[in-house]
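Shown next, in C-alpha coordinates, is the structure this report addresses.
The values are calculated or read from the model by the stated rules, or taken from the named source; none is laboratory data. Quick caveat, the model's predicted, so the values are computed rather than measured. We place every Cβ from the backbone using ideal geometry, glycine too, and count neighbours over all the protein chains shown. For the accessible areas, the whole protein counts, side chains as well, though only heavy atoms, and no ligand, DNA or RNA atoms are used. Shrake-Rupley method; radii C 1.70, N 1.55, O 1.52, S 1.80 Å.
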Amino acid sequence: MLFHSRYDKTSFQKKAGFYSIRAFLIIGLICMLLTKINVNAAPRVQDTGDKVVIVIDPGHGGENNGTTENGVLEKSMNMTTALAMYEELLKYEGIEVYLTHTDDIDMSLMERAEFASSKDADFLFSIHYNASVNHNLFGSEVWIPAFPPYNAYGYQFGYLHMQKMQEMGLFNRSVKTKLNSKGDEDYYGIIRESAALNIPAVIIEHCHVDEERDFQFCDSEEDLITFGKADALSVAKYFGLKSTILGVDYSDDAINLQEVQENNRVHSTMKDETAPDLCMVTLLEKDDDTGLITLEISAADYDSPLIYFDYSIDNGHTFSKLQPWPKSDALNGTYQDTFEFELQIPSGMQPNIIVRAYNLFDGVTESEKLPIWHIFRYGEQYERKPVTDTTITTDKKENKLPGTTSFLPAVSDETEEEVPENKFLLFLKICIIIVVFVFFIALISIVVSNVKRRRRRRQRRKDSGRRIDQRR
Ligand SMILES: [Zn+2]
(Lines give C-alpha, C1' and ligand atoms only; values in the text may rest on other atoms or scores of the structure.)
Protein backbone atom coordinates (compact mmCIF):
# COMPACT_ATOMS: atom_id res chain seq x y z
CA MET A 1 0.00 0.00 0.00
CA LEU A 2 2.78 2.40 0.83
CA PHE A 3 4.36 1.93 -2.59
CA HIS A 4 1.12 2.86 -4.37
CA SER A 5 0.81 6.22 -2.66
CA ARG A 6 4.35 7.11 -3.74
CA TYR A 7 3.58 6.48 -7.42
CA ASP A 8 0.47 8.67 -7.16
CA LYS A 9 2.51 11.81 -6.43
CA THR A 10 1.96 14.83 -8.69
CA SER A 11 4.87 16.16 -10.76
CA PHE A 12 5.11 19.17 -8.41
CA GLN A 13 5.61 16.91 -5.46
CA LYS A 14 8.19 14.93 -7.43
CA LYS A 15 10.16 18.12 -8.25
CA ALA A 16 9.98 19.33 -4.65
CA GLY A 17 11.25 15.93 -3.56
CA PHE A 18 14.10 16.11 -6.07
CA TYR A 19 15.21 19.57 -4.87
CA SER A 20 15.05 18.59 -1.20
CA ILE A 21 17.15 15.49 -1.92
CA ARG A 22 19.69 17.67 -3.77
CA ALA A 23 19.80 20.18 -0.91
CA PHE A 24 20.20 17.32 1.54
CA LEU A 25 23.09 15.88 -0.49
CA ILE A 26 24.86 19.27 -0.71
CA ILE A 27 24.49 19.91 3.03
CA GLY A 28 25.67 16.37 3.70
CA LEU A 29 28.73 16.89 1.50
CA ILE A 30 29.60 20.17 3.27
CA CYS A 31 29.23 18.47 6.65
CA MET A 32 31.41 15.56 5.50
CA LEU A 33 34.12 17.94 4.27
CA LEU A 34 34.02 19.90 7.52
CA THR A 35 34.25 16.74 9.62
CA LYS A 36 37.07 15.45 7.43
CA ILE A 37 39.02 18.66 7.92
CA ASN A 38 38.46 18.43 11.67
CA VAL A 39 39.35 14.74 11.94
CA ASN A 40 42.43 14.84 9.78
CA ALA A 41 43.99 17.95 11.11
CA ALA A 42 42.94 18.54 14.70
CA PRO A 43 45.40 21.19 15.84
CA ARG A 44 47.83 20.76 18.70
CA VAL A 45 46.26 22.78 21.49
CA GLN A 46 49.59 23.38 23.21
CA ASP A 47 51.22 26.60 22.10
CA THR A 48 55.04 26.68 21.93
CA GLY A 49 57.59 29.17 20.64
CA ASP A 50 59.71 28.71 17.52
CA LYS A 51 61.93 26.31 19.36
CA VAL A 52 60.52 23.36 21.27
CA VAL A 53 62.21 22.63 24.61
CA ILE A 54 61.95 19.04 25.81
CA VAL A 55 63.11 17.55 29.10
CA ILE A 56 63.47 13.79 29.34
CA ASP A 57 63.39 12.33 32.83
CA PRO A 58 64.83 8.83 33.29
CA GLY A 59 62.67 7.54 36.17
CA HIS A 60 64.25 6.68 39.56
CA GLY A 61 68.05 6.60 40.18
CA GLY A 62 70.52 6.36 43.07
CA GLU A 63 68.96 4.55 46.03
CA ASN A 64 65.65 4.37 44.21
CA ASN A 65 65.91 1.38 41.87
CA GLY A 66 62.34 1.44 40.60
CA THR A 67 61.00 -2.05 40.06
CA THR A 68 63.39 -4.96 40.51
CA GLU A 69 60.85 -7.66 39.66
CA ASN A 70 61.98 -10.47 37.38
CA GLY A 71 65.64 -9.60 38.11
CA VAL A 72 65.59 -6.24 36.32
CA LEU A 73 66.83 -2.86 37.53
CA GLU A 74 64.27 -0.38 36.30
CA LYS A 75 66.44 2.71 36.82
CA SER A 76 69.05 1.31 34.35
CA MET A 77 66.37 0.34 31.81
CA ASN A 78 64.88 3.84 32.06
CA MET A 79 68.32 5.41 31.51
CA THR A 80 69.03 3.30 28.39
CA THR A 81 65.66 4.23 26.86
CA ALA A 82 65.94 7.91 27.88
CA LEU A 83 69.44 8.21 26.34
CA ALA A 84 68.21 6.60 23.09
CA MET A 85 65.25 9.02 23.03
CA TYR A 86 67.61 11.95 23.66
CA GLU A 87 70.01 10.95 20.87
CA GLU A 88 67.16 10.41 18.43
CA LEU A 89 65.56 13.78 19.20
CA LEU A 90 68.90 15.54 18.62
CA LYS A 91 68.51 14.55 14.94
CA TYR A 92 65.56 16.95 14.60
CA GLU A 93 65.65 20.68 13.91
CA GLY A 94 63.96 23.35 16.01
CA ILE A 95 64.29 21.44 19.29
CA GLU A 96 66.33 21.69 22.47
CA VAL A 97 66.57 18.48 24.49
CA TYR A 98 67.74 17.94 28.08
CA LEU A 99 67.93 15.01 30.47
CA THR A 100 67.13 15.58 34.16
CA HIS A 101 70.16 13.42 35.01
CA THR A 102 72.61 11.10 33.30
CA ASP A 103 74.36 9.75 36.39
CA ASP A 104 72.94 7.18 38.77
CA ILE A 105 71.90 9.72 41.42
CA ASP A 106 69.03 10.38 43.81
CA MET A 107 66.93 13.25 42.60
CA SER A 108 63.58 14.28 44.08
CA LEU A 109 60.56 14.72 41.87
CA MET A 110 60.49 18.40 42.74
CA GLU A 111 64.14 18.78 41.70
CA ARG A 112 63.33 17.17 38.36
CA ALA A 113 60.42 19.55 37.79
CA GLU A 114 62.58 22.52 38.87
CA PHE A 115 65.27 21.43 36.42
CA ALA A 116 62.67 21.41 33.63
CA SER A 117 61.46 24.83 34.72
CA SER A 118 65.03 26.21 34.68
CA LYS A 119 65.26 25.17 31.02
CA ASP A 120 61.87 26.74 30.29
CA ALA A 121 60.62 23.33 29.12
CA ASP A 122 57.54 22.98 26.94
CA PHE A 123 57.06 19.37 28.00
CA LEU A 124 58.56 16.78 30.36
CA PHE A 125 58.56 13.08 29.50
CA SER A 126 59.21 10.68 32.38
CA ILE A 127 60.49 7.31 31.22
CA HIS A 128 59.47 4.15 33.11
CA TYR A 129 58.90 0.39 33.03
CA ASN A 130 56.07 -1.14 34.99
CA ALA A 131 55.26 -4.07 37.29
CA SER A 132 51.95 -4.99 38.94
CA VAL A 133 51.19 -6.20 42.45
CA ASN A 134 49.84 -9.55 41.26
CA HIS A 135 52.28 -9.79 38.33
CA ASN A 136 49.36 -10.34 35.99
CA LEU A 137 48.88 -7.06 34.12
CA PHE A 138 50.40 -6.52 30.71
CA GLY A 139 50.46 -3.65 28.24
CA SER A 140 51.59 -0.11 27.78
CA GLU A 141 50.09 3.11 29.21
CA VAL A 142 50.64 6.86 29.45
CA TRP A 143 49.75 8.77 32.65
CA ILE A 144 48.85 12.39 32.05
CA PRO A 145 47.88 15.44 34.15
CA ALA A 146 44.23 15.50 35.28
CA PHE A 147 43.75 19.26 35.10
CA PRO A 148 43.39 21.73 32.24
CA PRO A 149 45.07 22.72 30.11
CA TYR A 150 47.77 20.01 30.66
CA ASN A 151 45.17 17.25 30.52
CA ALA A 152 44.45 18.16 26.89
CA TYR A 153 48.16 18.38 25.97
CA GLY A 154 48.87 15.07 27.66
CA TYR A 155 45.92 13.41 25.95
CA GLN A 156 46.93 14.54 22.46
CA PHE A 157 50.47 13.23 23.00
CA GLY A 158 49.35 10.08 24.82
CA TYR A 159 46.80 9.09 22.18
CA LEU A 160 49.42 9.45 19.45
CA HIS A 161 52.00 7.50 21.43
CA MET A 162 49.66 4.68 22.42
CA GLN A 163 48.89 4.16 18.73
CA LYS A 164 52.65 3.74 18.18
CA MET A 165 52.95 1.27 21.08
CA GLN A 166 50.02 -0.71 19.69
CA GLU A 167 51.69 -0.77 16.26
CA MET A 168 54.76 -2.28 17.96
CA GLY A 169 52.54 -5.12 19.24
CA LEU A 170 51.99 -3.96 22.81
CA PHE A 171 48.64 -4.25 24.53
CA ASN A 172 46.90 -0.92 24.89
CA ARG A 173 46.18 0.31 28.43
CA SER A 174 45.45 3.77 27.09
CA VAL A 175 45.91 7.32 28.38
CA LYS A 176 44.82 7.95 31.97
CA THR A 177 44.92 10.20 35.01
CA LYS A 178 45.21 9.37 38.69
CA LEU A 179 44.28 11.68 41.55
CA ASN A 180 45.38 11.72 45.20
CA SER A 181 42.97 10.48 47.88
CA LYS A 182 41.37 13.94 48.28
CA GLY A 183 40.83 14.11 44.53
CA ASP A 184 42.22 17.62 44.21
CA GLU A 185 45.74 16.94 42.91
CA ASP A 186 47.55 14.59 40.56
CA TYR A 187 48.69 11.42 42.32
CA TYR A 188 52.01 11.07 40.48
CA GLY A 189 54.62 13.46 41.89
CA ILE A 190 56.42 14.25 38.66
CA ILE A 191 53.13 15.26 37.00
CA ARG A 192 51.99 17.24 40.07
CA GLU A 193 55.31 19.07 40.62
CA SER A 194 55.65 19.90 36.92
CA ALA A 195 52.06 21.19 36.66
CA ALA A 196 52.77 23.43 39.69
CA LEU A 197 55.54 25.00 37.58
CA ASN A 198 53.30 25.24 34.48
CA ILE A 199 54.96 22.36 32.67
CA PRO A 200 52.89 19.52 31.19
CA ALA A 201 54.47 16.18 32.15
CA VAL A 202 53.56 12.62 31.23
CA ILE A 203 54.77 9.25 32.46
CA ILE A 204 55.37 6.66 29.76
CA GLU A 205 55.05 3.14 31.22
CA HIS A 206 56.34 1.13 28.29
CA CYS A 207 55.45 -2.38 29.45
CA HIS A 208 55.41 -4.73 32.46
CA VAL A 209 58.72 -6.38 33.31
CA ASP A 210 57.02 -9.05 35.48
CA GLU A 211 54.69 -10.46 32.83
CA GLU A 212 56.04 -12.87 30.23
CA ARG A 213 54.07 -11.52 27.27
CA ASP A 214 55.36 -8.00 28.00
CA PHE A 215 58.86 -8.96 29.11
CA GLN A 216 59.76 -10.11 25.61
CA PHE A 217 59.46 -6.46 24.53
CA CYS A 218 62.07 -5.21 27.00
CA ASP A 219 64.49 -8.06 27.74
CA SER A 220 67.42 -6.76 25.70
CA GLU A 221 69.32 -3.50 25.27
CA GLU A 222 68.10 -3.28 21.65
CA ASP A 223 64.51 -3.42 22.90
CA LEU A 224 65.14 -0.57 25.33
CA ILE A 225 66.72 1.51 22.55
CA THR A 226 63.78 0.70 20.24
CA PHE A 227 61.41 2.12 22.89
CA GLY A 228 63.56 5.27 23.16
CA LYS A 229 63.39 5.80 19.40
CA ALA A 230 59.64 5.21 19.38
CA ASP A 231 59.19 7.78 22.18
CA ALA A 232 61.26 10.29 20.16
CA LEU A 233 59.17 9.65 17.06
CA SER A 234 55.93 10.44 18.90
CA VAL A 235 57.46 13.63 20.33
CA ALA A 236 58.59 14.68 16.82
CA LYS A 237 55.12 14.01 15.44
CA TYR A 238 53.36 15.76 18.31
CA PHE A 239 55.47 18.92 17.90
CA GLY A 240 55.51 18.69 14.07
CA LEU A 241 59.31 18.51 13.82
CA LYS A 242 61.54 18.06 10.76
CA SER A 243 64.77 16.13 10.40
CA THR A 244 67.12 16.50 7.43
CA ILE A 245 69.31 13.68 8.78
CA LEU A 246 66.36 11.29 8.95
CA GLY A 247 64.68 12.78 5.86
CA VAL A 248 61.33 13.26 7.61
CA ASP A 249 59.00 16.20 8.00
CA TYR A 250 56.08 16.10 10.41
CA SER A 251 55.37 19.81 10.20
CA ASP A 252 52.41 19.53 7.84
CA ASP A 253 48.84 18.92 8.90
CA ALA A 254 48.95 15.22 8.09
CA ILE A 255 49.55 14.40 11.76
CA ASN A 256 46.27 13.27 13.16
CA LEU A 257 45.92 14.60 16.69
CA GLN A 258 42.79 14.04 18.75
CA GLU A 259 40.22 16.82 18.85
CA VAL A 260 40.25 18.30 22.35
CA GLN A 261 39.33 21.50 24.11
CA GLU A 262 42.08 23.10 26.15
CA ASN A 263 39.90 23.95 29.13
CA ASN A 264 37.90 20.74 29.34
CA ARG A 265 39.12 17.50 30.84
CA VAL A 266 38.98 14.58 28.44
CA HIS A 267 36.32 12.37 30.04
CA SER A 268 37.88 9.03 29.06
CA THR A 269 41.09 9.90 30.96
CA MET A 270 39.24 10.32 34.27
CA LYS A 271 39.38 7.37 36.63
CA ASP A 272 36.40 5.03 36.67
CA GLU A 273 35.91 4.41 40.40
CA THR A 274 33.47 1.52 39.96
CA ALA A 275 33.98 -2.08 38.90
CA PRO A 276 32.29 -3.41 35.73
CA ASP A 277 28.49 -3.39 36.11
CA LEU A 278 27.88 -6.93 34.92
CA CYS A 279 29.70 -10.21 34.27
CA MET A 280 27.91 -13.42 33.28
CA VAL A 281 28.92 -16.84 32.04
CA THR A 282 26.70 -19.52 30.53
CA LEU A 283 27.44 -22.98 29.15
CA LEU A 284 26.67 -23.37 25.44
CA GLU A 285 28.11 -26.80 24.71
CA LYS A 286 30.18 -29.57 26.23
CA ASP A 287 31.94 -32.45 24.55
CA ASP A 288 32.42 -35.41 26.88
CA ASP A 289 34.88 -37.13 24.55
CA THR A 290 37.33 -34.26 24.28
CA GLY A 291 36.65 -32.25 27.43
CA LEU A 292 36.00 -29.16 25.33
CA ILE A 293 33.35 -26.78 26.62
CA THR A 294 32.01 -23.66 24.94
CA LEU A 295 31.07 -20.75 27.17
CA GLU A 296 29.27 -17.52 26.44
CA ILE A 297 30.75 -14.62 28.37
CA SER A 298 28.86 -11.32 28.68
CA ALA A 299 29.93 -8.26 30.59
CA ALA A 300 29.37 -4.52 30.61
CA ASP A 301 30.83 -1.39 32.12
CA TYR A 302 29.04 1.85 31.42
CA ASP A 303 31.97 4.08 32.45
CA SER A 304 35.10 2.57 30.93
CA PRO A 305 35.94 -0.18 28.43
CA LEU A 306 36.63 -3.78 29.44
CA ILE A 307 40.20 -4.77 28.64
CA TYR A 308 40.93 -8.18 30.22
CA PHE A 309 39.20 -11.28 31.52
CA ASP A 310 40.36 -14.37 33.34
CA TYR A 311 38.63 -17.57 34.39
CA SER A 312 38.73 -20.32 36.97
CA ILE A 313 37.59 -23.89 36.39
CA ASP A 314 38.24 -25.03 39.98
CA ASN A 315 35.67 -22.89 41.82
CA GLY A 316 37.94 -19.86 42.14
CA HIS A 317 40.94 -21.58 43.77
CA THR A 318 43.18 -20.69 40.82
CA PHE A 319 42.63 -18.37 37.87
CA SER A 320 44.05 -18.36 34.37
CA LYS A 321 46.47 -15.72 33.10
CA LEU A 322 44.73 -12.52 32.06
CA GLN A 323 43.40 -12.68 28.51
CA PRO A 324 42.83 -9.62 26.35
CA TRP A 325 39.10 -8.83 26.22
CA PRO A 326 37.88 -9.48 22.63
CA LYS A 327 37.84 -6.41 20.38
CA SER A 328 38.81 -4.16 23.26
CA ASP A 329 39.85 -0.72 22.04
CA ALA A 330 40.92 1.09 25.18
CA LEU A 331 41.80 4.29 23.30
CA ASN A 332 38.33 4.67 21.82
CA GLY A 333 36.41 3.06 24.68
CA THR A 334 34.87 0.14 22.80
CA TYR A 335 34.74 -3.63 23.38
CA GLN A 336 32.63 -6.63 22.43
CA ASP A 337 30.04 -7.16 25.17
CA THR A 338 29.37 -10.85 24.46
CA PHE A 339 31.65 -13.52 23.07
CA GLU A 340 32.04 -17.28 22.92
CA PHE A 341 35.02 -18.89 24.57
CA GLU A 342 36.22 -22.48 24.19
CA LEU A 343 38.19 -24.12 26.91
CA GLN A 344 39.41 -27.59 27.75
CA ILE A 345 38.59 -29.28 31.04
CA PRO A 346 41.31 -31.69 32.20
CA SER A 347 40.24 -35.31 32.29
CA GLY A 348 38.96 -36.51 35.68
CA MET A 349 37.67 -33.09 36.69
CA GLN A 350 34.22 -31.76 37.48
CA PRO A 351 34.52 -28.04 36.70
CA ASN A 352 33.05 -25.07 38.53
CA ILE A 353 33.52 -22.05 36.26
CA ILE A 354 34.01 -18.42 37.34
CA VAL A 355 34.86 -15.56 34.96
CA ARG A 356 36.18 -12.11 35.93
CA ALA A 357 35.94 -8.97 33.79
CA TYR A 358 38.48 -6.12 34.19
CA ASN A 359 37.94 -2.53 33.12
CA LEU A 360 40.51 0.02 31.97
CA PHE A 361 41.22 1.09 35.56
CA ASP A 362 41.66 -2.52 36.73
CA GLY A 363 38.25 -2.67 38.44
CA VAL A 364 37.12 -6.32 38.59
CA THR A 365 33.69 -7.99 38.59
CA GLU A 366 33.28 -11.74 39.14
CA SER A 367 30.54 -13.81 37.54
CA GLU A 368 28.24 -16.17 39.43
CA LYS A 369 29.63 -19.69 39.77
CA LEU A 370 28.72 -21.97 36.90
CA PRO A 371 28.83 -25.59 38.12
CA ILE A 372 28.94 -28.27 35.44
CA TRP A 373 27.53 -31.50 36.93
CA HIS A 374 29.75 -33.81 35.03
CA ILE A 375 33.12 -35.46 35.52
CA PHE A 376 34.99 -35.35 32.23
CA ARG A 377 36.64 -38.67 31.39
CA TYR A 378 38.76 -38.94 28.31
CA GLY A 379 42.36 -39.56 27.32
CA GLU A 380 44.82 -42.43 27.59
CA GLN A 381 43.97 -43.60 31.12
CA TYR A 382 40.40 -44.38 30.04
CA GLU A 383 41.34 -46.22 26.85
CA ARG A 384 41.74 -49.58 28.65
CA LYS A 385 38.02 -49.70 29.40
CA PRO A 386 36.10 -52.23 27.28
CA VAL A 387 35.03 -50.56 24.10
CA THR A 388 31.62 -51.57 22.78
CA ASP A 389 30.18 -50.66 19.39
CA THR A 390 30.96 -46.93 19.67
CA THR A 391 34.58 -45.81 19.36
CA ILE A 392 35.83 -43.59 22.14
CA THR A 393 37.74 -40.71 20.62
CA THR A 394 40.74 -39.63 22.64
CA ASP A 395 42.05 -36.13 22.39
CA LYS A 396 45.73 -35.90 23.23
CA LYS A 397 45.87 -32.14 22.83
CA GLU A 398 45.23 -31.67 26.53
CA ASN A 399 45.30 -28.17 27.97
CA LYS A 400 45.82 -26.50 24.66
CA LEU A 401 44.52 -23.18 25.94
CA PRO A 402 47.02 -20.85 27.56
CA GLY A 403 46.76 -20.79 31.30
CA THR A 404 44.92 -24.03 31.86
CA THR A 405 48.04 -25.87 33.00
CA SER A 406 47.77 -24.54 36.54
CA PHE A 407 44.39 -26.20 36.95
CA LEU A 408 45.60 -29.69 36.16
CA PRO A 409 44.61 -31.97 39.03
CA ALA A 410 46.87 -34.99 38.73
CA VAL A 411 44.78 -37.83 37.35
CA SER A 412 46.41 -40.97 38.76
CA ASP A 413 46.26 -44.31 36.96
CA GLU A 414 44.72 -45.91 40.07
CA THR A 415 41.35 -44.29 39.37
CA GLU A 416 40.27 -47.47 37.63
CA GLU A 417 37.40 -48.47 39.92
CA GLU A 418 33.93 -47.10 39.24
CA VAL A 419 33.26 -43.67 40.66
CA PRO A 420 29.61 -42.47 40.72
CA GLU A 421 29.16 -40.82 37.34
CA ASN A 422 27.02 -37.99 38.57
CA LYS A 423 27.35 -36.47 42.03
CA PHE A 424 24.11 -34.57 41.62
CA LEU A 425 22.12 -37.76 40.97
CA LEU A 426 23.66 -39.36 44.05
CA PHE A 427 22.75 -36.31 46.12
CA LEU A 428 19.18 -36.47 44.75
CA LYS A 429 18.88 -40.18 45.67
CA ILE A 430 20.03 -39.53 49.24
CA CYS A 431 17.51 -36.67 49.52
CA ILE A 432 14.66 -38.93 48.34
CA ILE A 433 15.66 -41.67 50.82
CA ILE A 434 15.72 -39.14 53.68
CA VAL A 435 12.30 -37.74 52.71
CA VAL A 436 10.76 -41.25 52.49
CA PHE A 437 12.31 -42.18 55.86
CA VAL A 438 10.96 -39.03 57.57
CA PHE A 439 7.53 -39.64 56.04
CA PHE A 440 7.55 -43.25 57.28
CA ILE A 441 8.53 -42.18 60.84
CA ALA A 442 5.79 -39.54 60.83
CA LEU A 443 3.20 -42.12 59.67
CA ILE A 444 4.22 -44.59 62.38
CA SER A 445 4.03 -41.94 65.13
CA ILE A 446 0.53 -40.90 63.95
CA VAL A 447 -0.66 -44.54 63.98
CA VAL A 448 0.88 -45.14 67.42
CA SER A 449 -0.67 -41.99 68.94
CA ASN A 450 -4.11 -42.93 67.48
CA VAL A 451 -3.89 -46.39 69.01
CA LYS A 452 -2.92 -44.88 72.39
CA ARG A 453 -5.80 -42.39 72.24
CA ARG A 454 -8.34 -45.14 71.54
CA ARG A 455 -6.93 -47.27 74.35
CA ARG A 456 -7.20 -44.32 76.75
CA ARG A 457 -10.85 -43.69 75.81
CA ARG A 458 -11.67 -47.33 76.39
CA GLN A 459 -9.90 -47.20 79.77
CA ARG A 460 -11.84 -44.04 80.75
CA ARG A 461 -15.14 -45.69 79.94
CA LYS A 462 -14.17 -48.74 82.04
CA ASP A 463 -13.01 -46.83 85.16
CA SER A 464 -15.68 -44.13 84.95
CA GLY A 465 -14.70 -41.03 86.95
CA ARG A 466 -11.31 -42.44 87.98
CA ARG A 467 -8.17 -40.61 86.84
CA ILE A 468 -5.21 -42.58 85.66
CA ASP A 469 -1.85 -41.06 84.93
CA GLN A 470 -0.93 -41.24 81.32
CA ARG A 471 1.73 -43.83 80.60
CA ARG A 472 4.33 -43.08 77.89
ZN1 LIG B 1 59.19 3.51 37.48
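Some notes on this structure:
- Among the residues of this structure, Pro324 counts as one that is open to solvent by 60 Å² or more (accessible area, probe 1.4 Å), out of contact with any helix residue (DSSP H, G or I) (no Cβ under 6 Å at 6 or more places or on another chain), modelled with pLDDT of 95 or more and within 17 Å of Arg173 (Cα to Cα).
- Test for Gly66: is it within 13 Å of the ligand (Cβ to nearest atom), out of contact with any Leu (no Cβ under 8 Å at 6 or more places or on another chain) and over 19 Å from Thr226 (Cβ atoms): no
- Members of the stretch 268-286 found to be open to solvent by 60 Å² or more (accessible area, probe 1.4 Å) and modelled with pLDDT of 90 or more, listed by number: Thr274, Asp277, Leu278, Met280, Thr282, Leu283, Leu284, Glu285, Lys286
- Test: residue in the stretch 222-245 that is in a loop (DSSP other than H, G, I, E, B), open to solvent by 70 Å² or more (accessible area, probe 1.4 Å) and at pLDDT 95 or above: yes
- Comparison of Thr290, Thr318 shows that the only residue that is among the polar types (S, T, N, Q), at pLDDT 95 or above and either part of a strand (DSSP E or B) or not assigned by TED's automatic domain parsing to the domain that holds Gln163 (or both) is Thr318.
- Comparison of Gly139, Gly183 shows that the only residue that is under 20 Å from the mean Cα position of the chain (by Cα) and on the phi > 0 side of the Ramachandran plot is Gly139.
- Pairing residues of the stretch 346-369 that are closer than 30 Å to Ser174 by Cα with residues that are in a loop (DSSP other than H, G, I, E, B) and among the basic types (Lys, Arg), at Cβ distances under 6 Å and at least 6 apart in sequence or on separate chains, gives Ile354/Lys369; Phe361/Lys271.
- Restricting the stretch 49-63 to residues that are open to solvent by 10 Å² or more (accessible area, probe 1.4 Å) and more than 10 Å from Asp104 (Cα to Cα), the residue that is nearest to the ligand (Cβ to nearest atom): Val53
- Phe319 within 16 Å of the ligand (Cβ to nearest atom) and under 27 Å from Asp362 (Cβ atoms): no
- Residue within the stretch 248-265 that is within 16 Å of the ligand (Cβ to nearest atom), open to solvent by 40 Å² or more (accessible area, probe 1.4 Å) and without any contact (Cβ under 8 Å) to a residue 24 or more places away in the chain present: no
- Test: residue in the stretch 448-469 that is at pLDDT below 85, part of a loop (DSSP other than H, G, I, E, B), open to solvent by less than 100 Å² (accessible area, probe 1.4 Å) and among the basic types (Lys, Arg): no
- Scanning the stretch 226-242 for residues that are under 26 Å from the mean Cα position of the chain (by Cα) and farther than 11 Å from Tyr86 by Cβ yields a total of 4.
- Residue within the stretch 180-201 that is open to solvent by less than 50 Å² (accessible area, probe 1.4 Å) and among the basic types (Lys, Arg) present: no
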